[in-house]
């Protein structure tokens, strides 16, 4: 099971997450593109670290919502949103290639991700933006979502993603962060959830129902204060050295 993490989200004097401590424990990294987090220097530094650690690199574009960390739903006309996404993906791709690396995939961030998970309109815009930059790029998105269905329909490479540190609703979506307990901070609880995804292809929702999940990658959020401890616990149960 691939383990991915949102990285490079610090900007200016604001530090988000603990990237240096996280890199040794992940296989893929979703690098912020400057619209919810990240700035040119932090982005470039993160790309260099990913290359040094031989970690697969993905672009992590968002709504233009630095103040809300990209976690607020925004109503943006389709042509404008497509341009916003192209701008971010192209920047990450160009910077990565300038350093000798290669961009492998695109994973929408925050509210954009959650909206696209159930919106054909938003997903279509994301796919169009990706195709216009590089049709070989994969789309990483919520397992079992509209994103997965549309990617398969349009023959876009898709990486089905599950979450180690988030509670699920009974319909397979992520529980709102506004609800207490939606973010998991207990390393053993996170590890148990990942093990269930790997061995049983299911998770137990917040309402105690079984939710089927077939995923190729599992995410831990870089801004989770317990991220490093959670990653260690996950690697231990998966038998990753």
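Where a number appears in this text, it was derived from the coordinates with a stated rule and is not lab data. The structure displayed is predicted, hence computed values, not measured ones. Glycine gets a Cβ as well: all are built from the backbone with ideal geometry, and neighbour counts include every protein chain shown.
For the options 38, 70, 94, a Gaussian network treatment of the chain with springs between C-alpha atoms closer than 10 Å singles out 94 as fluctuating the most. Any chance you could tell me what percent of the C-alpha pair distances in the stretch 1-115 go past 17 Å? Pairs farther apart than 17 Å: 50 percent.
Report, please, the projected area of the stretch 1-64 averaged over directions, based on the convex hull of its C-alpha atoms, in nm². Spell out each step's value before the answer.
Numbers: hull surface 16.3 nm².
Computing the convex hull of the Cα atoms and averaging its projections yields 4.1 nm².
Would you order 44, 148 from fewest to most other beta-carbon atoms within 10 Å of each residue's own beta-carbon? Let's see the in-between values first.
Working: 44 17, 148 21.
The most exposed by this proxy come first: 44, 148.
The value of relative contact order for the chain, using C-alpha pairs under 8 Å at least six residues apart, is 19 percent.
Counting pairs of Cα atoms in the stretch 113-241, how many percent are more than 17 Å apart?
Numbers: 4848 of 8256 pairs.
Every Cα pair in the stretch 113-241 considered, those over 17 Å come to 59 percent.
Rg and Dmax of the stretch 75-166, based on Cα coordinates, read 12.8, 36 Å. Binning the C-alpha pair distances of the stretch 48-121 at 5 Å intervals from 0 yields a P(r) profile of 3, 15, 23, 23, 15, 12, 7, 1 %, listed from the shortest bin outward. Between the stretch 83-145 and the stretch 153-207, what's the alpha-carbon centroid distance in Å? Their Cα centres are 21 Å away from one another. Each of 109, 60, 36 was scored by other Cβ atoms within 10 Å of its Cβ. Listed from fewest to most, they are 109, 36, 60.
Between residue 134 and residue 177, the modelled label-to-label distance comes to 2.8 nm, taking each label 7 Å out from Cα in the direction of the beta carbon. By other beta-carbon atoms within 10 Å, ranking 66, 85, 137, 41 with the fewest at the front produces 41, 66, 137, 85.
Okay, helix-only estimate at 222 nm for the chain: each DSSP H run of n ≥ 4 adds -39500 (n - 2.57), divide by all residues, round to 500 deg cm²/dmol; what do you get? Walk me through the numbers on the way to the answer.
Values: 8 runs with 93 residues, N = 241.
So the calculated ellipticity at 222 nm is -12000 deg cm²/dmol.
Only bridges whose two residues both fall in the chain count here: according to DSSP, what percent of them are antiparallel, nearest 5?
Numbers: 6 of 31 bridges.
DSSP beta bridges in the chain are roughly 20 percent antiparallel.
At a Förster distance of 25 Å, what's the computed FRET efficiency of residue 18 paired with residue 149, Cβ-Cβ distance as r, to 0.05? After rounding, the FRET efficiency stands at 0.10.
Pairs of alpha-carbon atoms within less than 8 angstrom and 6+ residues apart define the contacts here; what relative contact order does the stretch 1-126 have, in percent?
Values: 225 pairs, mean separation 30.2, N = 126.
That works out to 24 percent.
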